[in-house]
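The values are calculated or read from the model by the stated rules, or taken from the named source; none is laboratory data. This one's a predicted model, so the numbers in the text were calculated from it and none came from an experiment. We place every Cβ from the backbone using ideal geometry, glycine too, and count neighbours over all the protein chains shown.
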């Protein structure tokens, strides 16, 4: 039995007042108006508990309507007294609204012009064509691991890594079923594959972190036998080795024993009654060369499924060392996912959220340029994640060098997240990020599945309209010269001129080092395939 949830207190008081007022009215003929009012509110509360579409109403009957009322008048209050619609902290009202509208298939049009300051530094746009293209098909796809035994045709927009445990069972169900319905992929997060992932049958990217959840032995080390059990299931389409994440790069994690439920223990392969530890680094390899051989081992054990890694960029020489290991071994990952340091769904110390990790655009440019300069870009697909919500976010990221994009918080909004920022408290008001069975009951899987699929579909249609307006037929045609950025009130530059881009193979020619951007000229010679440490003390 669960204790009476305090969030139902308002409803309970209303029912009590109704009963009491009814008795009083029957005995003395007074108080009938209070009985009618309380009775009407009781009916509202019962309707809230029984309706399937609004998780907030199911978890906070009657009380939720006050939130909706103040939300409705909030634009007027904020317009004169508080924040602007475009203030992104961490996501603006406009950003959230576009997800809600597309998820619910409501109009996402806005009158009266842009609210953005088009003359502010950093404002970006994509130039349109005088001869636009009308695209009928918005199902944009790329092939990952084209020369492997089991290549994967992926959408250019997918669900980023969020683990069962961080998200509720119903959230995982809705995300995966939405991914299956919409034909896009769902990253498991490092919490491994739960039974809720399997129920939906949607395509999975199995993320393997330093805890080797789902493929670990009793000592927490990598287990080939456990890995094969999961990796060779038909639902798993790709294998992703996680080196670090944008929310807390360089930081491990501990799920206290009290929060390790039987379901979480089964998914992760950890014992009940013990802390579930994610170390800060991997035990299966210690050098870039060993990492490349481990990736090849995973790919072979998975039966030739596309295998790659995810990281947030930190020290540039460490990524350069990984690329040098690719050149030395001849082993290349099929993909690299670049996670921006803007943070993500994972709760983290504020210093890590605010000041650790390279932001997505700079990180993506470093990865893309390094692969181009090393002559490897054509062999490796690049994904990107970090505050990607709209079709323009996708287009900008692809123009800067990515092949596809992932979104975590965007799909959380599609599930009904209201950005209460209580994900780490187990008290999520909409049932998205909680293991409380009563709270997550509010998230109705069938309704939210459709919203997840709708958000993806409508964002892809918006992307088709955007690139069609630019005269293109596929997002893979986007290049830096399509993106324009304001650098001062009276000066703009194409991204291709604002940002340094390398020529193919340029890093392999020492004669070119003098003309390289400083980050390459200084750190590339110091990187070694044999170690993640720089080869000179100066770099440290």
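Summary table
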| quantity | calculated |
| --- | --- |
| Residue 500 being surrounded by fewer than 17 Cβ atoms within 10 Å (Cβ to Cβ) and closer than 15 Å to residue 369 by Cβ | yes |
| Wholly enclosed strands (runs of 3 or more DSSP E) of the range 302-415 bearing at least 3 residues under 20 Å from residue 460 (Cβ atoms) | 381-385, 404-407 |
| Where a residue in the range 1-27 is assigned by TED's automatic domain parsing to the domain that holds residue 38 and its partner, wherever it lies, is at pLDDT below 85 and part of a loop (DSSP other than H, G, I, E, B), with Cβ under 7 Å and at least six apart | 21/31; 24/30; 24/31; 25/31 |
| Only listed residue being more than 19 Å from residue 241 (Cβ to Cβ), in contact with a helix residue (DSSP H, G or I) (Cβ under 9 Å, 6 or more places away or on another chain), at pLDDT 90 or above and crowded, with 24+ Cβ neighbours inside 10 Å, chosen from 407, 390, 385 | 407 |
| Residue in the range 91-105 that is farther than 30 Å from residue 430 by Cα and out of contact with any helix residue (DSSP H, G or I) (no Cβ under 6 Å at 6 or more places or on another chain) present | no |
| Failed condition for residue 220, given (1) in a loop (DSSP other than H, G, I, E, B); (2) modelled with pLDDT under 95; (3) under 28 Å from residue 202 (Cβ atoms) | (3) |
| Which listed residue, of 495, 527, is closer than 28 Å to residue 397 by Cβ, surrounded by 14 or more Cβ atoms within 10 Å (Cβ to Cβ) and modelled with pLDDT under 90 | 495 |
| Cβ pairs under 7 Å, 6+ apart, first in the range 515-533 and in a helix (DSSP H, G or I), second at pLDDT 95 or above and surrounded by fewer than 18 Cβ atoms within 10 Å (Cβ to Cβ) | none |
| Residue 46 free of Cβ contacts under 8 Å to residues at least 60 places away in the same chain, surrounded by fewer than 16 Cβ atoms within 10 Å (Cβ to Cβ) and touching a helix residue (DSSP H, G or I) at 6+ places or on another chain (Cβ under 9 Å) | yes |
| Residues of the range 234-249 satisfying the condition of being in contact with a helix residue (DSSP H, G or I) (Cβ under 8 Å, 6 or more places away or on another chain) and either under 19 Å from residue 172 (Cα atoms) or modelled with pLDDT under 90 (or both) | 235, 236, 239, 246, 247, 248, 249 |
| Considering residues of the range 167-196 that are out of contact with any helix residue (DSSP H, G or I) (no Cβ under 8 Å at 6 or more places or on another chain) and crowded, with 23+ Cβ neighbours inside 10 Å only, the residue nearest to residue 433 (Cα to Cα) | 189 |
| Residues (under 17 Å from residue 291 (Cα atoms) and buried (at least 24 other Cβ atoms within 10 Å of the Cβ)) located in the range 198-214 | 207, 208, 209, 211, 212 |
| Test: residue in the range 173-185 that is in contact with a strand residue (DSSP E or B) (Cβ under 6 Å, 6 or more places away or on another chain) and at pLDDT below 95 | no |
| The lone exception for residue 484 - which of (1) surrounded by fewer than 21 Cβ atoms within 10 Å (Cβ to Cβ); (2) under 24 Å from the mean Cα position of the chain (by Cα); (3) outside the structural domain of residue 264 (by TED's automatic domain parsing) it fails | (2) |
| Segments classed as helices (runs of 4 or more DSSP H), wholly inside the range 433-512, with at least 2 members that are over 22 Å from residue 410 (Cα atoms) and without any contact (Cβ under 8 Å) to a residue 60 or more places away in the chain | 495-498 |
| Filter result for residue 213 (touching a strand residue (DSSP E or B) at 6+ places or on another chain (Cβ under 6 Å) and assigned to a loop (DSSP other than H, G, I, E, B)) | no |
| Out of 431, 401, 373, sole residue that is more than 27 Å from residue 184 (Cβ to Cβ) and in contact with a helix residue (DSSP H, G or I) (Cβ under 7 Å, 6 or more places away or on another chain) | 373 |
| Top-ranked residue in the range 271-294 [being modelled with pLDDT under 90 and surrounded by 18 or more Cβ atoms within 10 Å (Cβ to Cβ); ranked as nearest to residue 308 (Cα to Cα)] | 278 |
